[in-house]
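Participant: Below is one structure. I have some questions about it.
The values are calculated or read from the model by the stated rules, or taken from the named source; none is laboratory data. What you see is a predicted model, and the numbers here were worked out from it, not measured in a lab. All Cβ positions, even for glycine, are placed from backbone atoms using ideal geometry, and neighbour counts span all protein chains on display. Heads up: the accessible areas ignore ligands, DNA and RNA and are worked out on the full protein's heavy atoms, side chains in. Shrake-Rupley method; radii C 1.70, N 1.55, O 1.52, S 1.80 Å.
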Amino acid sequence: MFVPIKLERKNGRLIYVRDDVRKILPECEIVVNPVEPINLPKNVTKYLEIDFPSILIKPNAVETIYLKFPVEIGVFAKHDDKIAIVDVFTFDKPKYTLYGNPKNGVVCRWFWSEVYYEIPEVDPLREGVLKLVIRNGGDWVEVGKVVLDCHAMKIYYGEFASCWAEMKILSKISAETAFIDKPIIKGMKKAIELYTTRRLIGRAFTMEWGLK
Amino acid sequence: MSVSVEGLLIFAFAVALGVIVAKIVGIYIRRTLAEKIPKNELNLILKIVNVTIITVFVLFALPFVGVNPSGLIAAGGFAGLVVGFASRSVVANLVSGIFLMAERPVRIGDQIMVGDVAGFVEDIQILSTIIRTYDGLFVRIPNEKMFTSNIVNLVANPVRRFEYVIGISYKDDAKRAIEIIKRVIDDHPFALKNPEPQIFVNELGESSVNIVVRVWSPSSVWYDAKTEILWKIKVELDKAGIEIPFPQRVVWLRRGKDELGKDVSA
């Protein structure tokens, strides 16, 4: 796929051009990597909801599944280990939803994925792979969605973007979700994040308005 | 009552010290809590801390200019009565302000409607609330009025619904129009997937088949979504040749003879 970025060197400066975006940068390193998919077309939430065909989980079982998640691409300027965001774009068509009710719920970036039991093939500019470990310590439970706090998202990338999350079932209608700061395949590179300054790493989100 | 220059200097120094201490404490609080609590709550805490520290310093410094704070309290009985009558509305606004801060029906940055004023809450002060209207006007509403008025907070909930009534002509295919509208809504990122949008024929009007469209959107982008979707619906219906008709009336012209046998042409 054609990535519509143009970088020109002019008068000792770099000119970054993508569609209507045009920025003048000093001589620096340019880093392009997948970022948290909650920025486009405008940042209105920090949550990502992925819906998938419902799966039944046995009592006291651990189920590992793979889902696809939407990818946004961040362009960063880097100098002396200091990083500035230049641009974020996506090839995906973003869609948002509400998890919960209109009074207490949370707005989420929405995405639909099939369920996979091994790492699926993805279009790397549009989708990444989420490894989701579901831990059920109780009775039979049906799960058809996962909601994650993307301010704590840890993306690793190689040929495609990936992240790893855990879902701890609390009851038939509630669960706790959190990202794990590990690559799903050894050797993947950690992506520069947009939301590292918020110091919310490892924070869990409680899904209390249903699991399907 | 005589006030020495030395006493005045000490008073001024104490007040200045109070302002500096309040500022330092404010900076510390801002640094510590900036990422932990919402900005509007942080501003409120900063204001309370600021006023408290300066008041304490002023009370300590008052004896140096010959004013005894305990005397102020003793004199407060009668003076309070006089001042109370004179400043009834001020006290009402103050008390209302405290209740508003406790009840918190609005926060700084919220979009609200109070009476005929609509806009962004810029500040919630102890006596009044400041609104910046959508056309950029500064409006000060006394807190007593805020407290006793119906306040509509447009962004208190995470999502809001908007509605259009779209009339299409009788000769056009309503089912196709609904499909086109549904596609436009599905394509818009901020037309929420859940709660699901509703699109249905609501009325067979005088001049048009009226289709009701209800869409939920995040409160923060509600207005943009509403205007963008309506425009896209119009463009797509136009492209598909579906007419949004003007109000019209069909008039039948009759020719012939009336009951008395006279010629009629109307």
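Participant: Looking only at other chains, what is the average number of their beta-carbon atoms within 10 angstrom of each beta-carbon in B:212-225?
Facilitator: 2
Participant: Counting partner chain Cβ atoms within 10 Å of every residue's Cβ in A:89-101, what's the average?
Facilitator: 4
Participant: Quick check for you: with a 1.4 Å probe and neighbouring chains kept, what is the accessible area per residue of segment B:111-153, in Å²? All intermediate terms of the calculation are to be shown ahead of the outcome.
Facilitator: On the way: 2390 Å² over 43 residues.
Accessible surface, normalised per residue, equals 56 Å².
Participant: Ignoring any ligand, DNA or RNA, what whole percent of the accessible area of chain A comes from carbon and sulfur when the probe is 1.4 angstrom?
Facilitator: Roughly 51 percent, rounded to a whole number.
Participant: A further question follows. Between B and A, buried accessible area summed over both sides at probe 1.4 Å, in Å² to the nearest 100? Let's see the in-between values first.
Facilitator: Numbers: alone 17990 and 11250 Å², together 27710 Å².
Interface area, both chains combined: 1500 Å², rounded to the nearest 100.
Participant: Looking at segment B:137-166, which residues lose a minimum of 30 Å² of accessible area between their chain alone and all protein chains in place, measuring with a 1.4 Å probe and not counting ligands or nucleic acids?
Facilitator: When all protein chains are present, B:157, B:158, B:159 each give up 30 Å² or more of accessible surface.
Participant: Using the C-alpha gyration tensor of chain B, what are the square roots of 5 times its eigenvalues, in whole angstrom, with the largest one first? Could the numbers behind the result be given before it?
Facilitator: On the way: eigenvalues 852, 131, 34 Å².
Those come to 65, 26, 13 Å.
Participant: Given the C-alpha centroids of segment A:75-115 and segment B:147-201, what is the distance between them in whole angstrom?
Facilitator: Value for the Cα centre distance between the two parts: 24 Å.
Participant: Pop out the Kirkwood hydrodynamic radius of the protein assembly as shown from its pairwise C-alpha distances, inverse of mean 1/r, in Å to one decimal.
Facilitator: 28.2 Å
Participant: Let me ask something else about it. Among B:109-116, A:30-37, what's the highest-first ranking by average C-beta atoms within 10 angstrom per residue?
Facilitator: A:30-37, B:109-116
Participant: If I take the Cα coordinates of segment B:111-153 and project them onto the principal axes, what are the three extents in Å, biggest first?
Facilitator: 25, 19, 13
Participant: Write out the chymotrypsin sites (Phe, Trp or Tyr not before Pro) in segment A:1-54 meeting two conditions: DSSP loop, and at most 10 other Cβ atoms within 10 Å of their Cβ.
Facilitator: Working: sites: A:2, A:16, A:47; in loops: A:2.
Answer in residue order: A:2.
Participant: Given N residues in segment A:28-207, what is its alpha carbon radius of gyration divided by 2.2 N^0.38 Å?
Facilitator: 1.02
Participant: Moving to a separate point now. How far apart, in nanometres, would the label points at residue B:240 and residue A:101 be if each is projected 7 angstrom from Cα along the Cα-to-Cβ direction?
Facilitator: Going from the residue B:240 label point to the residue A:101 one covers 3.5 nm.
Participant: So which chymotrypsin sites (Phe, Trp or Tyr not before Pro) in segment A:72-177 pass both tests, a DSSP loop state and at most 11 other Cβ atoms within 10 Å of the Cβ?
Facilitator: A:117, A:140
Participant: Which of A:124, A:183, A:26 moves most in a GNM of chain A, Cα contacts under 10 Å?
Facilitator: A:26
Participant: Enter the Cα centre distance for the pair segment B:211-261 and segment A:7-53, rounded to the nearest angstrom.
Facilitator: Centre-to-centre (Cα) distance: 41 Å.
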